[in-house]
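Worksheet: the structure to be examined is printed underneath.
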Amino acid sequence: MGGGGERNSMGVLVPTVNAGETSAPAGAETEAAVVGTEVVVVTERVAEEEEEEEEEVDKDILCPICMQIIKDAFLTACGHSFCYMCIVTHLQNKSDCPCCSHYLTTNHLYPNFLLNKLLMKKSARQMAKSATPVEQLRQAIQQGCEVSVKELDSLLSLLMDKKRKMEQEEAETNLQILLEFLQCLKKQKVDELNEIQNDLQYIKEDINAVEKRRIELYRTRGRYSAKMRTLVDDSSAMTVRPPLRDKGSGAIVSSPVNLQEQGRAGTSQTRNTDTRAPQNPQIVQRKDDNQGGSDSQDPNQPGKSLARKRRVHAQFNELQDCYLQKRRYWARQSQKQGERVANIMNRVGYSAGLEDFQSVLSTFTRYSSLRVVAELRHSDIFHSANIVSSIEFDRDDELFATAGVSRRIKVFEFSSVVNEPADAQCPIVEMSTRSKLSCLSWNNYTKNHLASSDYEGIVTVWDVTTRQSVMEYEEHEKRAWSVDFCRTEPSMLVSGSDDCKVKVWCTNQEASVLTIDMKANICSVKYNPGSSAHIAVGSADHHVHYYDLRNISQPLYIFSGHRKAVSYVKFLSNYELASASTDSTLRLWDVNENVPLRTFKGHTNEKNFVGLTVNSEYLACGSETNEVFVYHKAISKPAAWHRFVSDDQNDPDGDMGSFFISAVCWKRDSPTIVTANSQGTIKALVLAA
């Protein structure tokens with residue numbers, strides 16, 4: 001046992017001994033190591049005993065009432081010490097000693113000067129232990145420690161050396177930080193410069209392409225104008241000089257002189273026009289503008305052109321960002337796909353990025369306002385509530401259906417609404433429901449089938465022709481906010497509800513086909529128009545969830561960015577998804593790349609469902625200011641808007657805060673939009689210049 005203990009005590013401290021060394025030095029080293037170990041052990045034991053003694057002393061100087069080190073110690077007549085405030089507070093309630101229960105009053109309390117002095121010394125020792133060397137030195141000098149001048153000089157010299165070294169290190173650190181900042185700034189500015197140079201190169205290339213195209217158009221226009229003038233001259237010459245008739249056959253014989261004159265005139269005019277057009281095309285344009293007949297232009301064309309230019313300058317920054325974004329995107333695509341794509345031009349010599357931007361520019365500047373083409377009331381004499389919750393066009397854009405809190409579905413013929421007077425406008429079909437309605441969706445295959453969702457959670461498929469329900473689904477436990485028919489699989493439809501469930505239905509089955517359980521209320525659901533397996537879900541959790549129905553264990557993507565509930569989701573195309581939220585924004589997402597594309601601001605939406613509708617180029621939504629806003633998908637600011645004027649007699653000023661837009665719907669592939677507000681007023685609006 002003794003040998004084992006000795007080996008354990010020496011295991012860590014004994015150095016390794018080579019086999020070739022003699023035994024005598026090894027023994028001496030072993031003895032020295034043992035002595036060192038014993039000294040260390042003794043030192044550790046002494047330190048432990050001192051700590052234990054300090055702990056015991058600490059216990060003796062604790063106040064029995066607050067169990068903290070005594071502050072302002074006072075001694076009782078029975079010999080116990082307490083904090084002054086502790087014992088005084090105790091004696092206000094009781095008249096005994098907390099330790100021995102001896103009768104005690106404030107008259108029996110005396111200051112404990114000795115304990116207070118000991119406590120002050122203990123506190124000073126603790127501060128000295130925890131103080132830094134600098135603080136200890138300062139305390140020693142302040143307390144009058146005797147130091148010779150030589151020692152002070154040595155100490156000052158040491159401190160100066162230390163100061164210079166620290167200043168040098170700090171200076172080096174500052175220079176290193178400054179150098180790294182400047183290098184980072186240089187890299188950033190070089191990157192920006194390269195980007196600007198690339199942008200300038202794109203702009204130069206596009207300017208050359210546009211100027212070349214303009215010259216080609218002027219030349220073509222000049223040749224066309226010359227031909228038209230030749231035809232006019234020919235017709236006038238025929239009128240001035242009557243044709244000669246052959247006496248025998250009665251046939252018309254052209255005069256050789258006339259033919260020669262016409263030929264010279266036509267040739268000279270064509271030559272002059274072709275040579276002048278590229279040099280000063282504006283002269284040709286002015287001449288052409290003054291020509292009559294089929295070559296004349298719309299007299300309002302200069303005014304329209306000026307208005308479009310004003311729109312460009314008003315939204316110059318937005319258009320600039322759009323141009324650069326598209327140009328850079330197509331440049332990156334060409335780099336990815338190689339030179340075979342880099343040099344591809346369209347038929348007029350434009351690059352893909354320029355052609356894409358020209359499409360945006362032409363469509364965005366084409367319209368600047370919304371004009372009312374028809375108006376009708378959704379009022380019902382049996383219901384005072386007139387809020388229209390949903391408007392939907394059928395597959396052929398011939399009929400549109402409305403529904404809302406009046407518990408009625410009304411189907412109108414669009415051509416009749418536009419062409420007939422307001423007094424003669426009546427729905428061609430009207431169907432009553434048990435509950436308030438929240439959403440409508442037409443079947444894209446069966447023209448007369450219309451789906452609805454209501455406040456009781458019931459999803460109903462209607463036959464508009466017979467005015468009867470075809471199917472009713474009652475699995476939702478709370479209000480159903482949204483329903484949508486699939487475009488590619490017309491027997492399938494999806495719905496979302498306040499019960500936090502998304503349900504997929506089939507018109508051939510009475511029960512739901514699929515259920516997705518989510519953590520928050522569902523405000524909107526929408527099928528991808530190009531797929532029966534993908535749906536978008538707008539949720540009260542501020543996110544858009546994009547699901548593949550073949551695997552519903554988790555969303556394919558979750559789009560984050562909205563700060564409040566997502567009230568609507570709509571697809572512009574198979575890959576572009578728009579969402580609306582009560583944070584007063586619309587957002588555009590790319591569901592293929594899982595990236596945000598743009599955020600649209602301008603309308604107000606903080607609490608109500610104000611509607612959202614999209615087509616291939618535009619988004620439109622309502623506002624709680626009783627206005628309709630239209631956005632181009634490439635520009636973040638509104639392109640046009642229209643305010644509903646209140647017709648309430650009690651609201652002569654048309655207070656915008658009293659009513660809000662509640663539903664909007666585009667007429668597909670058309671600049672026409674049907675909108676409704678919370679008063680039940682329905683308007684057909686068309687985008688105008």
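The values are calculated or read from the model by the stated rules, or taken from the named source; none is laboratory data. Just so we're clear, the structure is a prediction, and the values are computed from it rather than from any experiment. Ideal geometry is used to build each Cβ from the backbone, glycine not excepted, and the neighbour counts take in all protein chains shown. Remember, those area values only see protein heavy atoms, side chains included, never the ligands or the DNA or RNA. Shrake-Rupley method; radii C 1.70, N 1.55, O 1.52, S 1.80 Å.
Structure values in brief
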| quantity | calculated |
| --- | --- |
| Only listed residue being open to solvent by 70 Å² or more (accessible area, probe 1.4 Å) and under 44 Å from the mean Cα position of the chain (by Cα), chosen from GLU135, GLU146, GLU195 | GLU195 |
| Selected residue (only one of GLY496, GLY538 is open to solvent by less than 40 Å² (accessible area, probe 1.4 Å), within 17 Å of THR460 (Cβ to Cβ), of a type outside the set (D, E, K, R) and at pLDDT 95 or above) | GLY496 |
| Meets criteria (within 26 Å of SER452 (Cβ to Cβ) and open to solvent by 30 Å² or more (accessible area, probe 1.4 Å)) for LYS526 | yes |
| Selection from segment 200-214 of residues that are hydrophobic (A, V, I, L, M, F, W, C) and exposed (fewer than 13 other Cβ atoms within 10 Å of the Cβ) | LEU200, ILE207 |
| Among (1) of a type in the set (S, T, N, Q); (2) within 30 Å of GLN335 (Cα to Cα); (3) modelled with pLDDT under 90, the one test that SER154 misses | (2) |
| Subset of segment 548-569 (residues that are surrounded by 23 or more Cβ atoms within 10 Å (Cβ to Cβ) and assigned to a strand (DSSP E or B)) | PHE559, VAL566, SER567, TYR568, VAL569 |
| Single residue of segment 659-671 satisfying the filter (in contact (Cβ under 8 Å) with a residue 40 or more places away in the chain and open to solvent by 20 Å² or more (accessible area, probe 1.4 Å)) that is farthest from LEU399 (Cα to Cα) | PHE660 |
| Residues of segment 589-615 satisfying the condition of being over 16 Å from HIS562 (Cα atoms) and open to solvent by 50 Å² or more (accessible area, probe 1.4 Å) | ASN592, GLU593 |
| Some residue of segment 412-426 being farther than 21 Å from ILE673 by Cβ, modelled with pLDDT of 90 or more and over 33 Å from the mean Cα position of the chain (by Cα) | no |
| All positions within segment 112-129 that are under 23 Å from MET85 (Cα atoms) and open to solvent by 60 Å² or more (accessible area, probe 1.4 Å) | PHE113, LEU114, LYS117, LEU118, MET120, LYS121 |
| Residue, farthest from THR402 (Cα to Cα), within segment 452-474, restricted to residues that are part of a loop (DSSP other than H, G, I, E, B) and without any contact (Cβ under 8 Å) to a residue 40 or more places away in the chain | GLU474 |
| Options LEU200, LEU175, LEU179; residue that is of a type outside the set (Val, Ile, Thr), assigned by the TED database to the domain that holds GLN325 and modelled with pLDDT of 65 or more | LEU200 |
| Lone unmet requirement of (1) of a type outside the set (Asp, Glu); (2) outside the structural domain of ASP321 (by the TED database); (3) modelled with pLDDT of 60 or more for VAL240 | (3) |
| Residue count for segment 500-520, restricted to those that are in a loop (DSSP other than H, G, I, E, B), surrounded by fewer than 18 Cβ atoms within 10 Å (Cβ to Cβ) and within 31 Å of the chain's Cα centre (by Cα) | 2 |
| Pair list, Cβ under 7 Å, 6 or more apart: segment 407-435 residue in the same structural domain as ALA451 (by the TED database), other residue open to solvent by less than 70 Å² (accessible area, probe 1.4 Å) and in a helix (DSSP H, G or I) | GLN425/SER416; GLN425/VAL417 |
| Any hit, segment 76-85, residues being open to solvent by less than 40 Å² (accessible area, probe 1.4 Å) and touching a Ser or Thr at 6+ places or on another chain (Cβ under 6 Å) | no |
| Check on VAL429, over 18 Å from PHE609 (Cβ atoms) and in contact with a Lys or Arg (Cβ under 8 Å, 6 or more places away or on another chain) | yes |
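Here's the yes/no breakdown for (1) within 21 Å of ALA663 (Cα to Cα); (2) hydroxyl-bearing (Ser, Thr, Tyr); (3) in the same structural domain as LYS436 (by the TED database); (4) open to solvent by less than 10 Å² (accessible area, probe 1.4 Å):
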position	(1), (2), (3), (4)
ASN448	no, no, yes, no
GLU456	yes, no, yes, no
ARG467	no, no, yes, no
GLU475	no, no, yes, no
TRP481	yes, no, yes, no
THR488	no, yes, yes, no
